[in-house]
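Visitor: Input: one structure, supplied below.
Throughout, read-outs are computed from the coordinates displayed, never taken from laboratory work. Only a predicted model underlies this, so the values are computations on that prediction, with no experimental measurement involved. Here Cβ is always computed from backbone atoms with ideal geometry, including for glycine, and neighbour counts include all displayed protein chains.
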Amino acid sequence: MATFEVRVEGLTGLNIDGSSSPTQDELSEYLKDGTIDVTNRCIAVKPQDSEQFSRLASSDSQGVEFGRGKIISVLREAGADGSSDGSTAWRECHKVAISLQSRVVDTNSIYYASQYNPAYVIDDTGVVNVYPVPSSNNGIQVYYINNTPVNGSGSSLVYSHDDIKYFPSDKIYLVVIYAGIRSLQNALSGKNADFPNDVISFAMPALPADADVDFTNVGSILTFTPPAVSPDFADANTWINTEEDAEMSAARAQIIGTQLQEYNSNIQKELQVVTTSISDFQAETTKAMQKYTAETGYDLKKYQAEVATAIQKYTNDVQNYTAKIQKVAADYGWMEKRMMKLQQEYDAAFAINAPKQQKPQGAR
C-alpha cells in the first residue's frame, strides 16, 4: 500500500520532502491531528461506534495509565482468571468521584466496592485506580478511545507509514484528506517565498567619451514599481502554523487569493504604462542618435546596439517579474480550489454518517 506521504502528494499535487512546505515532519503532525479529529467527529456523530477506536490497557496491579483518553469501560476480574475462564469472570466497574476514594474500601460505607460491584476513580495524573485493589486473578482492563496515533506495529504515526492502529480502516482515507487540507494550507502560506517584490529600474549605457548626443528632450523609461499593497501571506502563516486554526486559515487563504487577483491586475496596469514609456523612449533615443549621426557623421551603431540591449534587458526583467506574479497567482488559485474541494469532501463524509433527524410527531 502507498505511504501516507505518497497519498497526500497524489491528492494535493505537492512534492513533500525534508525542506518543502510542508515538510515531512509537519505532514506527520497533520496525520496525527487528522487521526484525532476523525476519531472525535465520528464518535460525536455516532457514539455507538466508539469501540471502533478503542484501545485496551490492562494490569494485575493498581494504577493504569490511559493517556487521558475517553474511557469506554473499566473491568475487574472477580477472583478468577478471566483471561482463561471467559468473560463471566469480569465485572464492570462504576466510576466514583476522587473524593470517595477512601470510602470505596470502607466495608461500613454505602460506597464500598466489592469484587462483584467494583469501582474506579481517575486521579489528577490521569491514572485509573480500581477497587478492590487488583492482584493476580483480580486484574483490570481499561477500554478507552485511543488518542495517541500509532501505526500497525505501535510506532508513533509518521508520513512513511501506511496504516493506523486502533482505527477503522474505512476511515483512513479521511485522515489522508485532512492531512492534504493542512498541507495545502501550509503550502499556500509559504507562497510568499515565491512572491517577487523587486523594484526594476533602467540603466542607460554611458555615451562614448567623444560623442555628445543631445538626449535632453528624450525623457526616461519609468521605473517598474510593484503596487504598494501586496497579499498578506504573513497573516495566513500565523493562523496555519502558530494558531493552527484550520477554519481561519482557510478564510485567510481565500482573502489572499482575492488580493493576488487584484495585485496581478494592478501589475498589468503598471506594465502597460511602463511598456508605453519603453516604446516612447526607444523611439526618441533612436531619433536623437540618428540626428547626431546625420549632423556629425559619427557612427553610433555600436552605441545604438548597447542601448537596444539595455532596453531589452529591462523589458525582459519586467516581463519575468510579471510572469512570476502570474505563476504565483495561478498556483495559488489551483491550490486554494483544491483545498476547498477537499474540505467539502471531508465535511460531507461526516454529514452523510450523521443520524437522520426525526420529524416531530404529526409533522408532514
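Visitor: Taking amide H positions as placed 1.01 Å from N in the peptide plane, with prolines and chain starts having none, which residues 5 or more places from ILE71, or on another chain, fall under 5 Å of its amide H?
Guide: ILE145
Visitor: Shifting gears a bit: Between TYR116 and GLN254, how many nm apart are label points set 7 Å from Cα along the C-beta direction?
Guide: 6.2 nm
Visitor: Looking at segment 61-138, what % of the alpha carbon pairs are farther apart than 21 Å?
Guide: Percent of Cα pairs beyond 21 Å in segment 61-138: 24.
Visitor: For Cα pairs less than 8 Å apart in space and 6+ apart in sequence, what is the mean separation divided by the residue count of the chain, i.e. the relative contact order in percent?
Guide: Across the chain, relative contact order equals 20 percent.
Visitor: Give, as a single signed number, the net charge of other residues whose beta carbon lies under 10 Å from the beta carbon of VAL328, with Lys and Arg counted +1 and Asp and Glu -1.
Guide: That sum, taken over residues with Cβ under 10 Å, equals +1.
Visitor: Would you indicate which of [x] 26.6; [y] 21.0; [z] 21.7 is the value of Kirkwood radius over Cα pairs in Å derived from the coordinates of this structure?
Guide: Checked against the structure: label [x].
Visitor: Identify the residues of segment 191-225 with backbone N under 17 Å of a label point that sits 7 angstrom from the Cα of GLN312 along the Cα-to-Cβ direction, or state none.
Guide: Of the residues in segment 191-225, 203-205 have backbone N under 17 Å from the label point off GLN312.
Visitor: Might you report the magnitude of the Cβ-based charge dipole of the chain about its Cα centre, with Lys and Arg at +1 and Asp and Glu at -1, to the nearest 20 debye?
Guide: That gives a dipole near 1300 debye.
Visitor: Another question, then. Near THR275, within a Cβ-to-Cβ distance under 14 Å, what is the net charge of the other residues, with Lys and Arg +1 and Asp and Glu -1?
Guide: Computed value for this residue: -2.
Visitor: Using r as the Cβ-Cβ distance of GLN101 and SER54, and R0 as 22 Å, what FRET efficiency do you calculate, to the nearest 0.05?
Guide: My answer for the efficiency is 0.30.
Visitor: While we're here: How charged is the neighbourhood of GLY297? Take every other residue with its Cβ under 13 Å from the Cβ of GLY297, and add Lys/Arg as +1 and Asp/Glu as -1.
Guide: Value of the local net charge: -1.
Visitor: Students often check this: by mean Cβ neighbours within 10 Å, which of 97-108, 43-54, 122-133 ranks highest, and how do the rest follow?
Guide: 122-133, 43-54, 97-108
Visitor: If you stretched the chain out fully between THR23 and THR3, how much longer would it get, using 0.36 nm times the residue separation minus the C-alpha to C-alpha distance?
Guide: So the extension gain works out to 5.7 nm.
Visitor: Here is a further query. What FRET efficiency would be calculated for the residue pair ASN108, SER156, taking the C-beta separation as r and a Förster radius of 45 Å, to the nearest 0.05?
Guide: Once the sixth-power term is evaluated, E becomes 0.40.
Visitor: What is the set of long-range amide H partners of LYS165 at a cut-off below 5 Å, with H atoms built 1.01 Å from backbone N?
Guide: Amide H to amide H, under 5 Å and 5 or more residues apart or across chains, LYS165 pairs with VAL150, ASN151, GLY152.
Visitor: Could you derive backbone 3J(HN,Hα) for segment 156-167 from the dihedral phi with the Karplus parameters 6.51, -1.76 and 1.60 (θ = phi - 60°), listing whole Hz in sequence and x where the residue is Gly or Pro?
Guide: 3, 4, 9, 4, 7, 7, 9, 8, 9, 8, 6, 8
Visitor: I've got another one for you. On a full-extension model of 0.36 nm per residue, what is the gain between ASP163 and ASP123, subtracting their alpha-carbon distance, rounded to one decimal in nm?
Guide: Value of the extension gain: 11.1 nm.
Visitor: Follow-up. Can you give the calculated 222 nm mean residue ellipticity of the chain, where each DSSP H run of n ≥ 4 adds -39,500 (n - 2.57) and the sum is split over every residue, rounded to the nearest 500 deg cm²/dmol?
Guide: Here the helix-only value at 222 nm equals -15500 deg cm²/dmol.
Visitor: How about LYS191: which aspartates and glutamates have a C-alpha closer than 18 Å to its C-alpha, ignoring those fewer than 8 places off in the same chain?
Guide: GLU9, ASP17, GLU26, ASP232, ASP235, GLU244, GLU262, ASP331, GLU336
Visitor: Another question, if that's okay. Calculate, in nm to one decimal, what THR223 and GLN261 gain on full extension: separation in residues at 0.36 nm each, minus their alpha carbon distance.
Guide: 11.4 nm
Visitor: Compare the peptides 61-70, 201-210, 137-146 by average per-residue count of other Cβ atoms within 10 angstrom and give them in order, highest first.
Guide: 137-146, 61-70, 201-210
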